Amino acid sequence: MKQITIAIDGYSSCGKSTLAKGLAAKLGYTYIDSGAMYRAVTLYFLRNEIPLKDAKQVDAALESITIRFASANNHTLLNGEDVEEEIRQMPVSNLVSPVSAIPAVRRAMVRLQQAMGKDKGIVMDGRDIGTVVFPTAELKIFLTADPEVRAQRRYDELLTKGVPSSLESVRANLQHRDHIDSTREDSPLRQAEDAIVIDNTYLNEAQQLQKALEIAQAVLKKNNR
Ligand code: DC
């Protein structure tokens with residue numbers, strides 16, 4: 001069976017990674033969380049106090065960063081160190097949008113992402129996957145949900161993980177990131193013309209997965225005729 005590339009884009013905290021993970025598991029595909037890569041770069045910049053406006057220091061930092069995903073648990077590895085937990089915390093969340101708006105950062109990450117997906121059989125989620133990283137992906141999904149529902153879901157998730165936060169700060173962070181992500185000059189978040197929109201405001205995880213799986217199976221059938 002010929003494998004395909006599945007791109008999932010959408011605003012912050014609308015369930016992209018849950019859907020992408022679920023789809024990858026059902027299809028036996030590799031799941032790549034492109035946001036985790038921007039988060040890992042951000043963590044490196046924070047730890048090393050890289051000034052975002054200093055192109056030389058940004059380039060040098062990018063040269064000294066390797067990002068991989070552990071094969072055992074898919075955790076994000078920054079220069080070999082498991083940073084999965086740290087990249088989800090507020091200091092990284094608060095800086096990741098400005099960092100990912102830097103063209104040099106995007107060029108480096110897009111190159112890596114394209115290399116990771118060169119053999120297809122991949123589900124990648126992010127903001128520019130269907131528009132920039134894999135513009136010829138056989139299936140593009142654009143996920144949306146009501147902003148208040150998204151804030152509540154992210155807050156509940158952080159609560160479950162024991163990460164200190166408040167609904168207000170989570171809501172503010174989401175609004176801020178959505179704004180920067182969709183207005184930046186370099187590859188802003190936007191729906192690809194050929195993307196299929198799924199609004200999951202009133203769908204639970206299982207329903208959303210079922211819907212996407214049906215769409216994926218139809219695309220697979222078409223591509224294997
Ligand atoms: O998916 P996430 O919330 O973990 O992503 C973190 C940030 O990374 C998000 O605010 C914007 C950026 N990002 C991006 O610019 N392009 C991507 N393909 C994925 C994420």
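Read-outs throughout are calculated quantities, based only on the coordinates presented, and are distinct from any laboratory measurement. Keep in mind it's a predicted model, so treat the numbers as computed, not measured. Backbone-built Cβ (ideal geometry, glycine too); neighbour counts: all protein chains shown.
The alpha carbon radius of gyration of the range 154-219, expressed as a multiple of 2.2 N^0.38 Å, is 1.46. Highest mobility in the GNM of the chain, judged by mean-square fluctuation with C-alpha springs under 10 Å and restricted to GLY162, GLY117, GLY28, is found for GLY162.
Relative to the dominant Cα principal axis of the chain, helix 90-100 is inclined by about 80°.
Think of the chain as having a plus end and a minus end, set by charges on the Cβ of Lys, Arg, Asp and Glu; of LEU46, VAL170, ALA24, ALA24 sits farthest toward the positive end of this dipole.
Pairs of C-alpha atoms in the range 99-161 farther apart than 19 Å represent 49 percent of all such pairs. Couplings 3J(HN,Hα) of the range 182-197, computed from phi: 9, 10, 5, 6, 8, 6, x, 5, 7, 6, 5, 4, 9, 7, 9, 8 Hz, in residue order, whole Hz [Karplus 6.51 cos²θ - 1.76 cosθ + 1.60, θ = phi - 60°; x for Gly and Pro]. For helix 147-160, report the angle its Cα long axis makes with the longest principal axis of the Cα atoms of the chain; keep it between 0 and 90° and round to the nearest 10°. So the helix axis and the longest Cα principal axis differ by about 70 degrees. Charges were assigned to the Cβ only: +1 to each Lys and Arg, -1 to each Asp and Glu. The resulting dipole of the range 2-134 about its Cα centre is roughly 480 debye. For the chain, a Kirkwood hydrodynamic radius built from all Cα pairs, placed in the Stokes-Einstein relation at 4 °C and 1.567 mPa s, yields a translational diffusion coefficient of 72 µm²/s. Computed from phi, the 3J(HN,Hα) profile of the range 162-175 under the Karplus parametrisation 6.51, -1.76, 1.60 (θ = phi - 60°) reads x, 8, x, 6, 9, 4, 5, 5, 5, 4, 5, 5, 5, 4 Hz, with x in place of Gly and Pro. Against the main long axis of the alpha-carbon atoms of the chain, helix 205-223 sits at an angle near 60°. For the range 22-29, backbone phi angles converted through the Karplus equation (6.51, -1.76, 1.60; θ = phi - 60°) give residue-by-residue couplings of x, 4, 4, 5, 5, 8, x, 9 Hz, Gly and Pro being listed as x.
When only the Cβ of Lys, Arg, Asp and Glu is charged (+1, +1, -1, -1), the dipole of the chain relative to its Cα centre reaches about 640 debye.
Considering helices alone, the calculated mean residue ellipticity of the chain at 222 nm is -15500 deg cm²/dmol, with DSSP H runs of length four and up weighted by -39500 (n - 2.57) and normalised per residue.
Mind running the shape call on the range 60-165? Use the C-alpha gyration tensor, a ≥ b ≥ c as the square roots of the eigenvalues: rounded below 1.5 for a/c, prolate if a/b tops b/c, oblate otherwise.
Here the range 60-165 falls in the oblate category.
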